[in-house]
Amino acid sequence: MRTFLARAGGETVKVKGSTLRGSLGSGELKSVRIRSVRILRKGVEFVGGGSGHGVGLCQWGARRQAEKGRSYSRILGFYFPGSELSEVDE
């Protein structure tokens, strides 16, 4: 899930998964790849998978694409569509 709907006090608010992870801390919510959410008596349980960096690039997926011979620019374009690569003078 990339976005959650949080309801409290009659209000519904959209919360980005990355915002939630940032608020809870990456040690508490290891990934925003969440399949389900359960409300418990003393908290909330998030069920999902992954333990990424939270930036949108799967290292194993990128590695697999590289093993198939895809260029770095094509791999980055897959994970970050619409982005552009450019050289930076140091």
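The values are calculated or read from the model by the stated rules, or taken from the named source; none is laboratory data. Bear in mind the structure is a predicted one, so any value in this text is a computation, not a measurement. No Cβ is skipped: glycine too gets one built from the backbone with ideal geometry, and neighbour counts run over all protein chains shown.
For the structure I just gave you, tell me whether S71 is touching an Asp or Glu at 6+ places or on another chain (Cβ under 9 Å) and of a type in the set (S, T, Y). For S71, the condition - touching an Asp or Glu at 6+ places or on another chain (Cβ under 9 Å) and of a type in the set (S, T, Y) - is not met.
Name the strands (runs of 3 or more DSSP E) wholly within the range 1-76 that hold at least 3 residues that are out of contact with any Gly (no Cβ under 7 Å at 6 or more places or on another chain), of a type in the set (D, E, K, R) and surrounded by fewer than 10 Cβ atoms within 10 Å (Cβ to Cβ)? Break it down stepwise before answering.
On the way: elements: 3-8, 11-16, 34-40, 43-48.
No strands (runs of 3 or more DSSP E) qualify here.
Quick one: count up the residues across the range 30-57 that are within 30 Å of R74 (Cβ to Cβ), hydrophobic (A, V, I, L, M, F, W, C) and at pLDDT 75 or above.
Count: 3.
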